[in-house]
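The values are calculated or read from the model by the stated rules, or taken from the named source; none is laboratory data. Note that the structure is a prediction, hence the values are computed from the model and not measured. Heads up, the Cβs are rebuilt from the backbone with ideal geometry, glycines too, and the neighbour counts pull from every protein chain shown.
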Ligand SMILES: [Zn+2]
Ligand SMILES: [Zn+2]
């Protein structure tokens, strides 16, 4: 089969690889129909993720069709349409039972990291019963790749961690795919005001289109002017929730300066240290919201590529500002 492999620092490559097979009785093999590229994959390509060794097939997001299941898999059978979670969960270890599957002792974020991932024609999914989700009948599956990682991450690590409430004021720093997904999912809780800050005018335009009440370009006029404008908008108090979705020291500093007394700072950006990883416990709820047409994940997909063009897709996503890229959809 064809697969996208992390070759060495700075380089990914399309290679021919053997088909995966079930190893443990709880495994399934899924034939991918759609996958996508995450900001984390770009970090791996840069050599920033120590757990991911060269030779690894990348990717932790995808939808597909179950090809084969081990004898202990009870919830899925061959031919089922499934969404793959970026987090593998055994459902029985101490952490899984506490709803913290990101710390699962035999799972967590392993796909496209410690084991081969979803940027391939086929993938082996460990703990299939609790790491796959059935796609409801009739749902348009292509944009559901955004439910593998970015929507649960934005909702759990940003909106829920940040305690967004009815009537609260929210500021999101960073209008990349996760920041925009936080903007969309914050609206489940009807905050009074959601403000978005970025340095990319195109992304701020998208933020306005999908519901931001105000946007600020911190690249124009400087940080102090942005802080003053936001304080003026919030009667001098600052914001109840600050969602940091960039991951550099400057934006973390800005987050602290925008916070109202008693406010909550939710740190989604990867700062080298992890404050909270997604547990993907909200995935069933998000699927229901899509089914009920209260969530349209297609809003974040800007580019489509055939799988053969995945190396080009990495270049486009890696130069997102130049290409006005949010999520790139890879179709098999
Ligand atoms: Zn990801
Ligand atoms: Zn577990």
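What number of residues within the range 206-232 are in a helix (DSSP H, G or I) and either closer than 14 Å to residue 176 by Cβ or in contact (Cβ under 8 Å) with a residue 60 or more places away in the chain (or both)? Steps first, please.
As a first pass, look at the range 206-232 and keep what is in a helix (DSSP H, G or I): 206-209, 223-232.
From what is left, the residues that are either closer than 14 Å to residue 176 by Cβ or in contact (Cβ under 8 Å) with a residue 60 or more places away in the chain (or both) are 206-207.
Final tally of qualifying residues: 2.
Return yes or no: is residue 36 in contact (Cβ under 8 Å) with a residue 24 or more places away in the chain, out of contact with any strand residue (DSSP E or B) (no Cβ under 9 Å at 6 or more places or on another chain) and away from ligand 2 (no atom under 16 Å from the Cβ)?
Details: in contact (Cβ under 8 Å) with a residue 24 or more places away in the chain: yes; out of contact with any strand residue (DSSP E or B) (no Cβ under 9 Å at 6 or more places or on another chain): no; away from ligand 2 (no atom under 16 Å from the Cβ): yes.
Judged against the criteria, residue 36 is not a match.
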Of all residues in the range 262-282, how many are surrounded by fewer than 22 Cβ atoms within 10 Å (Cβ to Cβ) and at pLDDT 75 or above?
7
Of these, 35, 118, 105, which one is at pLDDT 95 or above and over 24 Å from residue 177 (Cβ atoms)?
105
What's the number of the only condition in (1) in contact with a helix residue (DSSP H, G or I) (Cβ under 6 Å, 6 or more places away or on another chain); (2) more than 25 Å from residue 246 (Cβ to Cβ) that residue 114 fails to meet?
(1)
Working only within the range 44-82, note down all residues that are closer than 11 Å to residue 118 by Cβ and not in a loop (DSSP other than H, G, I, E, B).
57, 62, 63, 64
Matching residues, the range 187-242, being crowded, with 17+ Cβ neighbours inside 10 Å, touching a strand residue (DSSP E or B) at 6+ places or on another chain (Cβ under 6 Å) and closer than 20 Å to residue 301 by Cβ:
196, 204, 207, 212
Tell me whether the range 91-111 contains one or more residues that are free of Cβ contacts under 8 Å to residues at least 24 places away in the same chain, surrounded by 17 or more Cβ atoms within 10 Å (Cβ to Cβ), within 16 Å of ligand 1 (Cβ to nearest atom) and assigned to a loop (DSSP other than H, G, I, E, B).
yes
Please go through (1) at pLDDT 95 or above; (2) more than 18 Å from residue 58 (Cβ to Cβ); (3) in a loop (DSSP other than H, G, I, E, B) for residue 180 and return the number of the only condition it doesn't satisfy.
(3)
Has the range 219-239 got at least one residue that is at pLDDT 95 or above and within 25 Å of the chain's Cα centre (by Cα)?
yes
Go through the range 1-37 residue by residue and tally those that are surrounded by fewer than 24 Cβ atoms within 10 Å (Cβ to Cβ) and outside any strand (DSSP E or B).
14
Tell me which residues, restricted to the range 129-144, are within 16 Å of ligand 1 (Cβ to nearest atom) and either out of contact with any helix residue (DSSP H, G or I) (no Cβ under 8 Å at 6 or more places or on another chain) or in a loop (DSSP other than H, G, I, E, B) (or both).
131
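Among 159, 171, 164, 178, which is the only one that is under 11 Å from the mean Cα position of the chain (by Cα) and crowded, with 21+ Cβ neighbours inside 10 Å?
Numbers: 159 fails: under 11 Å from the mean Cα position of the chain (by Cα); 171 fails: under 11 Å from the mean Cα position of the chain (by Cα); 164 fails: under 11 Å from the mean Cα position of the chain (by Cα).
178 is the lone residue from the list that is under 11 Å from the mean Cα position of the chain (by Cα) and crowded, with 21+ Cβ neighbours inside 10 Å.
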Scan the range 303-317 and tell me whether some residue there is over 29 Å from residue 14 (Cα atoms), buried (at least 18 other Cβ atoms within 10 Å of the Cβ), under 21 Å from the mean Cα position of the chain (by Cα) and modelled with pLDDT of 95 or more.
no
Please work out if residue 42 is more than 16 Å from ligand 2 (Cβ to nearest atom), touching a helix residue (DSSP H, G or I) at 6+ places or on another chain (Cβ under 8 Å), under 17 Å from residue 12 (Cβ atoms) and touching a residue at least 12 places away in the same chain (Cβ under 8 Å).
yes
Failed condition for residue 10, given (1) at negative phi; (2) touching a residue at least 12 places away in the same chain (Cβ under 8 Å); (3) out of contact with any strand residue (DSSP E or B) (no Cβ under 7 Å at 6 or more places or on another chain), with all others met?
(1)
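Going by the conditions given, is residue 62 more than 16 Å from ligand 2 (Cβ to nearest atom), surrounded by fewer than 21 Cβ atoms within 10 Å (Cβ to Cβ) and modelled with pLDDT of 95 or more? Break it down stepwise before answering.
Numbers: more than 16 Å from ligand 2 (Cβ to nearest atom): yes; surrounded by fewer than 21 Cβ atoms within 10 Å (Cβ to Cβ): no; modelled with pLDDT of 95 or more: yes.
Taking the combined requirement at face value, the residue does not satisfy it.
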